[in-house]
Amino acid sequence: MLIICPGIHEENLTQSFVSTLLPNRVSSGGTPPFWILPPSDRPYFPLEILQFLHQSGAIDLKSPASTEPLIWIAFSAGVVGAIGAAWGLYSLQCPVKAFIAIDGWGVPLLAPFPIHRVSHDYFTHWSSALLGPGCESFYADPPVEHLALWRSPQCAVGWSLPPDGSISSPQRTTAVEFLRWAIGGG
């Protein structure tokens, strides 16, 4: 199950992100295989994220271990709340398959589950890795604007790096292709 946690921005940016990342799933109708947190001025509160997921029926907090494995995608300020919520559910035995932080600059990301970082430029990639490099990561090169990475990940061309962060074996790709790879199981 995919959980998408936006930052503080206009809702249409998230709709653009989802329709680009998951075009077939959005257009097919029916119950989506993902949950999008509603727009909020406070996406950095893990308890509010957990409350939304419970009230919407995505997760039964009485038996979180029975939930299908979760893949988190969080952007900007949403990374703060999402990593707290992911840790909270993980501590309750809820399986976390992966956590993808898009421009979660300044957020420590250390966890017993796979973490992937996606950054709008090399500086954000490099400086964020100081707080937990995670697994495979991506940074845009040439750089793109922070909100453009969320709105149009297909336009962010850059480098996918292996878990050790080595720049000796980068792969040229787009942010959307990296994200699809990461949610597909890497």
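The values are calculated or read from the model by the stated rules, or taken from the named source; none is laboratory data. Given the structure is predicted, the values throughout are model-derived calculations rather than measurements. All Cβ positions, glycine included, derive from the backbone under ideal geometry; neighbour counts span all protein chains shown. Remember, those area values only see protein heavy atoms, side chains included, never the ligands or the DNA or RNA. Shrake-Rupley method; radii C 1.70, N 1.55, O 1.52, S 1.80 Å.
Structural remarks
- When the range 136-159 is limited to residues that are at pLDDT 95 or above, touching a His at 6+ places or on another chain (Cβ under 8 Å) and surrounded by fewer than 24 Cβ atoms within 10 Å (Cβ to Cβ), the one that is farthest from R172 (Cα to Cα) turns out to be L147.
- Selected residue [within 17 Å of the chain's Cα centre (by Cα), closer than 22 Å to H9 by Cβ and not polar (S, T, N, Q)] from L161, L131, L149: L149
- Residue check for G57: outside any helix (DSSP H, G or I), loosely packed, with under 15 Cβ neighbours inside 10 Å and out of contact with any helix residue (DSSP H, G or I) (no Cβ under 8 Å at 6 or more places or on another chain): yes
- W72 being at pLDDT 95 or above and open to solvent by 60 Å² or more (accessible area, probe 1.4 Å): no
- Residues of the range 88-135 satisfying the condition of being of a type in the set (S, T, N, Q) and either at pLDDT below 90 or more than 17 Å from P64 (Cα to Cα) (or both): S119, T124, S127, S128
- Residue match in the range 69-80 (condition: touching a Ser or Thr at 6+ places or on another chain (Cβ under 9 Å) and among the aromatic types (F, W, Y)): yes
- Exactly one residue out of V118, V107, V79 is within 29 Å of R172 (Cα to Cα), free of Cβ contacts under 8 Å to residues at least 40 places away in the same chain and either open to solvent by 50 Å² or more (accessible area, probe 1.4 Å) or out of contact with any Cys (no Cβ under 7 Å at 6 or more places or on another chain) (or both), and it is V107.
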